Amino acid sequence: MPGTRDRILDAAAHVMRTHGFARTTTKQIARAAGYSEASLYKNFQDKTDLFLAVLKERLPSLTPVLRELSAAPGEGALAERLAAVVQGAIAFYEASFPISASIFSDPVLLAAHHDAVTAQGSGPRHPLLELARYLRLEQQHGGDRPGADCDAAASMLLGSAFQYAFFHSFAQLAPDPEAAAAHAASAAATLLAGLEP
């Protein structure tokens, strides 16, 4: 049986998907979990802390894919490895849009959220920085063309995933892993055509 923290996280993921981060209250989350707000605050500092935990623990994560890449540069087919990153990013973005899009509707909320996320050493730039770091490691192992802009390459790959997920979400389509995999393979192959030594 799930513990208090897990039940709160499950409830938060559900309520945030339904109402978006901006319109979700800690009171709603506590009620959905069957606990008091005091119980919620014993497990999480605030709504942003809870939001970050939902992103890390209840949505598809890019972190394991990126860690695997960085642990073994120069090994395996680079196109397949980059396609796995794009596919993982698509899954994450598709799952996170319903929760996070509402943050941008309120400049004060966005600023406060930015400050809180930055203070926790998190945020949307981290996967981008990690992917660019990996591409530089590949460059050192001869996998990327010397002098290629790894930061731009990482932006193109993750930007491609973001755009795919955005259009898919906007059209209110259910996630389609096969279509996402095809897009990911095509994006990785297209990028590599310009990166290969």
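The values are calculated or read from the model by the stated rules, or taken from the named source; none is laboratory data. Predicted model, so just to flag it, every value in this text is computed and none were measured. For neighbour counting, all protein chains shown are included, and Cβ atoms are generated from backbone atoms with ideal geometry for every residue, glycine included. All accessible areas refer to the heavy atoms of the entire protein, side chains included, with ligands and DNA or RNA removed. Shrake-Rupley method; radii C 1.70, N 1.55, O 1.52, S 1.80 Å.
For segment 162-175, 3J(HN,Hα) computed residue by residue from phi via the Karplus equation (6.51, -1.76, 1.60; θ = phi - 60°) reads 4, 5, 4, 5, 4, 5, 4, 5, 4, 7, 6, 8, 5, x Hz, glycine and proline entered as x. Between LEU109 and ALA189, the C-beta separation translates, for a Förster distance of 41 Å, into a calculated FRET efficiency of about 0.55. The equivalent ellipsoid of the chain has semi-axes of 34, 17, 15 Å, largest first, where each one is the square root of 5 times an eigenvalue of the Cα gyration tensor.
Relative contact order for the chain: what is it in percent, counting Cα pairs under 8 Å that are at least 6 residues apart?
Relative contact order here is 26 percent.
Please determine, in degrees from 0 to 90 and to the nearest 10, the orientation of helix 177-195 with respect to the longest principal axis defined by the Cα atoms of the chain, where the helix direction is its Cα long axis. With both axes taken from Cα atoms, the answer is about 40 degrees.
Need the C-alpha centroid separation for segment 47-74 versus segment 19-45, integer Å. Their Cα centres are 23 Å away from one another.
Tell me, what % of the accessible area of segment 23-173 is carbon and sulfur with a 1.4 angstrom probe?
Working: 4640 of 7990 Å².
The computed percentage sits at 58.
May I ask you to compute the full-extension gain from LEU129 to THR18, defined as 0.36 nm times their residue separation minus their alpha-carbon distance, rounded to one decimal in nm?
Values: separation 111, 0.36 × 111 = 39.96 nm, distance 3.05 nm.
That pair, LEU129 and THR18, stretches by 36.9 nm at full extension.
With helices as the sole contributors, the chain gives -24500 deg cm²/dmol at 222 nm; each DSSP H run of n ≥ 4 counts as -39500 (n - 2.57), and the sum is divided by every residue. Largest to smallest in accessible area, the residues TYR164, TYR41 fall in the order TYR41, TYR164 (1.4 Å probe, all protein chains included).
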